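The structure appears right after this line, and notes come after that.
The values are calculated or read from the model by the stated rules, or taken from the named source; none is laboratory data. Note that this is a predicted model, so its numbers are computed, not measured. Don't worry about glycine lacking a Cβ; one is built from the backbone with ideal geometry, like all the others, and counts go over all protein chains shown.
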Amino acid sequence: FGGQYNQLIARRVREHHVYCEIMPWNKPIEEIKAKNPKGIIFTGGPNSVYDEKSPHCDPAIFELGVPVLGICYGCQLMAYTLGGKVGNANEKSEYGKTEVTFNTESKLMKGIDEKEICWMSHTDFVTELPEGFRIIGKTATCPAAAIECPEKGFYGVQFHPEVNHTPKGTNMIHNFLYEVCGCSGDWTMTNYIEDQIQKIREQVGDGKALCALSGGVDSSVVAALVSKAIGKQLTCVFVDHGLMRKNEGDEVEAAFANMFDSHFVRANAQERFLSKLKGVTDPETKRKTIGEEFIRVFEDEAKKIGKVDFLVQGTIYPDVIESGLGDSAVIKSHHNVGGLP
C-alpha cells in the first residue's frame with residue numbers, strides 16, 4: 001500500500017525462514033489465490049483509508065480463508081473494509097517510541113510482556129471495531145493499538161513490528177507466521193539456490209543460453225546460478241563500456257573467466273560508448289544513449305555465437321517493485337530497461 005517499510009517486512013519474514021513475495025495492493029485476487037498463500041501481510045502506507053483515492057484491496061481477500069496481519073494503514077484498512085470505523089487522531093496522533101499494554105493471551109502476543117515499547121507513526125486510528133474483533137493492545141491515546149479476530153485469523157497492529165525500535169516486533173511476526181499461519185520455516189537461501197539450479201536445468205534442457213553480464217550484482221548473481229546449472233551451454237557477454245571503476249572490467253573477467261564453467265566473452269567497446277556520449281550533458285539522455293548502444297554491441301556479439309534458445313537477465317527485487325507497483329515515484333528511467341529500443 002505504498003509503505004516505505006515493505007522491503008523490511010519481507011526481510012523479517014525471510015529471517016524466520018519463510019518464503020514471501022511483495023505484491024501491489026491492486027494485484028487481482030485470482031493471482032493471489034493461485035499462489036496458495038499460507039498468510040497475507042498488509043503493509044503500511046501514507047494514505048487515509050476513508051479517502052476515495054487511497055489504495056483499497058479487493059474485499060474478497062478476506063474470504064480466502066487465509067490469515068491476514070495488517071500493519072498501520074493495513075490494520076486500518078482491514079478494520080474499515082470489514083465494517084469498522086477509522087478516524088483522524090488529530091492532536092492524539094503518535095510518532096516514536098510508545099508504551100503499549102497487551103493482552104498476552106493472544107496468539108500474536110505469545111512470549112510478549114504485558115507492557116512493551118513499540119514504534120508508532122500514524123495520524124489515523126481505528127475508532128470502532130468490526131464485528132467479531134476485540135482489542136489486544138492499547139496505548140494512553142490509542143484505544144485499539146492491536147486488534148484480533150482469532151476465529152478468522154485476522155490481526156492488526158497500529159505500530160510497526162518490523163523496525164528495530166519495536167524490540168519484540170520480530171517475535172510478533174514470528175508468532176503470526178508460526179502460531180497463526182502454521183508455516184514450517186524450512187525456506188533458506190541455500191535451499192533456494194539448489195531449487196533454482198534444478199529449475200534452470202529443467203527449463204533449458206540441452207538448449208543454449210546467452211547472458212548479458214555487466215559485473216553488477218543483478219547480472220552476476222544470475223550468471224553464477226545459470227553457470228552452476230548448465231555450464232558450457234551458457235555464454236556470458238560482458239560489455240565493457242569504459243564507464244566502470246578502475247580495473248573493474250579486469251576483475252569481472254578474472255571472476256567469470258576463471259571461476260565458472262561457462263563461455264565468457266569480453267567486448268571492449270569503450271571507444272564506441274565514449275564517442276556516442278561526446279557532447280551529451282543531460283543525464284536522462286546519457287542513460288538512454290548507453291542503453292541503446294549496449295544493445296547494439298550485445299547484438300553484434302550475439303551474432304557471432306549463433307543460435308541461442310534463452311536470454312538470461314537478472315534483476316534485484318527492489319527493481320521489480322520499482323517497475324511493477326505503478327505507484328512508485330519515478331526519479332529516473334529504470335536502469336535495466338531505460339534506454340532499450
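Values as computed for the structure displayed
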item: Single unsatisfied condition, Cys72 versus (1) over 19 Å from the mean Cα position of the chain (by Cα); (2) buried (at least 21 other Cβ atoms within 10 Å of the Cβ); (3) under 22 Å from Gln7 (Cβ atoms); (4) not β-branched (Val, Ile, Thr); result: (1)
item: Any hit, the range 64-82, residues being in contact (Cβ under 8 Å) with a residue 60 or more places away in the chain, on the phi > 0 side of the Ramachandran plot and not acidic (Asp, Glu); result: yes
item: Members of the range 117-171 that are among the hydroxyl-bearing types (Ser, Thr, Tyr) and surrounded by 22 or more Cβ atoms within 10 Å (Cβ to Cβ); result: Tyr155, Thr166
item: Spans of strands (runs of 3 or more DSSP E) in the range 10-106 with at least 2 residues among the polar types (S, T, N, Q) and in the same structural domain as Asn175 (by TED's automatic domain parsing); result: 94-102
item: Complete set of residues in the range 270-296 that are touching a Lys or Arg at 6+ places or on another chain (Cβ under 9 Å) and not charged (D, E, K, R); result: Leu277, Val280, Pro283, Thr289, Ile290
item: The range 238-260: number of residues that are at pLDDT 90 or above and exposed (fewer than 12 other Cβ atoms within 10 Å of the Cβ); result: 4
item: Residue count, the range 268-286 (criterion: under 20 Å from Leu213 (Cα atoms) and crowded, with 17+ Cβ neighbours inside 10 Å); result: 3
item: Subset of the range 299-329 (residues that are in a loop (DSSP other than H, G, I, E, B), charged (D, E, K, R) and at pLDDT below 85); result: Asp327
